[in-house]
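As structure tokens, the structure follows; a few thoughts come after it.
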Amino acid sequence: MEEEKKKDEKKMKKEEKKREEEEKKVQEEKEEDKKKRKHEERKMEEKKKDEEEKWKEEEDDEEFDDEDEQKEEERKSFVKSKEKEAKEKERKKEEEERKKIEEDKKKEEKKERKLMEEENRKEEKKKKEVERKKKEEEEEEEEEERRKKEEKKEDEEKRKENYKKKKEEEKKEEEKKRKEEERKRKEEKKREQEEKERKRMRRRWRRRRRRMRRR
């Protein structure tokens with residue numbers, strides 16, 4: 001039992017370590033994605049800044065003529081077009097970034113949910129194993145108790161049987177003793193009777209002899 005408990009603890013520690021490593025890996029991936037996003041944002045900012053400086057240089061280098069309004073309008077239209085294009089690119093970039101963040105979030109949630117489900121399955125399995133062991137122990141205890149009761153019952157029956165045998169032996173011994181005493185008593189009585197008879201016979205013989213002498 002103790003060995004199984006140690007094995008379970010070792011297994012649990014191993015699983016906990018694995019889960020921590022997976023969580024650490026997920027966190028590292030998050031940090032890496034965050035760095036990549038920051039890098040991309042910085043690149044976009046630099047690109048935007050370069051374009052603005054370029055437009056400014058073009059604007060500074062150009063000489064405006066009051067009579068050439070059409071050229072100025074074309075330039076303004078070009079600048080607006082470029083600005084609109086840059087804004088659209090930025091919007092698309094932001095949209096892609098937002099989608100990527102959403103996807104990463106969903107993936108992370110899915111991964112966490114999967115880990116949680118796995119953890120719940122392990123806990124349920126562990127719980128069932130504990131219940132199974134507990135049931136086995138209870139059954140073993142019941143079996144042991146039943147065995148002890150049986151042994152106690154058998155011992156009691158043996159004790160009663162031995163007591164009965166002992167009493168029977170004692171009874172037989174007493175009977176034997178009584179018969180022996182009876183035999184001795186009879187023998188003694190017989191002996192006494194014989195002794196009386198001998199005495200009587202001696203007296204009788206003595207009387208006869210006396211009578212014979214007188215004659």
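The values are calculated or read from the model by the stated rules, or taken from the named source; none is laboratory data. A quick note: this is a predicted structure, and the numbers were derived from the prediction, not measured. Heads up, the Cβs are rebuilt from the backbone with ideal geometry, glycines too, and the neighbour counts pull from every protein chain shown.
Observations on the model:
- Of all positions in segment 99-113, none carries a residue that is modelled with pLDDT of 90 or more, part of a helix (DSSP H, G or I) and either over 30 Å from E32 (Cα atoms) or touching a Lys or Arg at 6+ places or on another chain (Cβ under 7 Å) (or both).
- The listed residue being assigned to a helix (DSSP H, G or I) and either modelled with pLDDT under 80 or more than 30 Å from K10 (Cβ to Cβ) (or both), out of F64, F78: F78
- Yes/no for E151 being more than 26 Å from E16 (Cβ to Cβ), in a helix (DSSP H, G or I) and modelled with pLDDT of 90 or more: yes
- Exclusive hit being modelled with pLDDT of 80 or more and assigned to a helix (DSSP H, G or I), set K10, K89, K56, K49: K89
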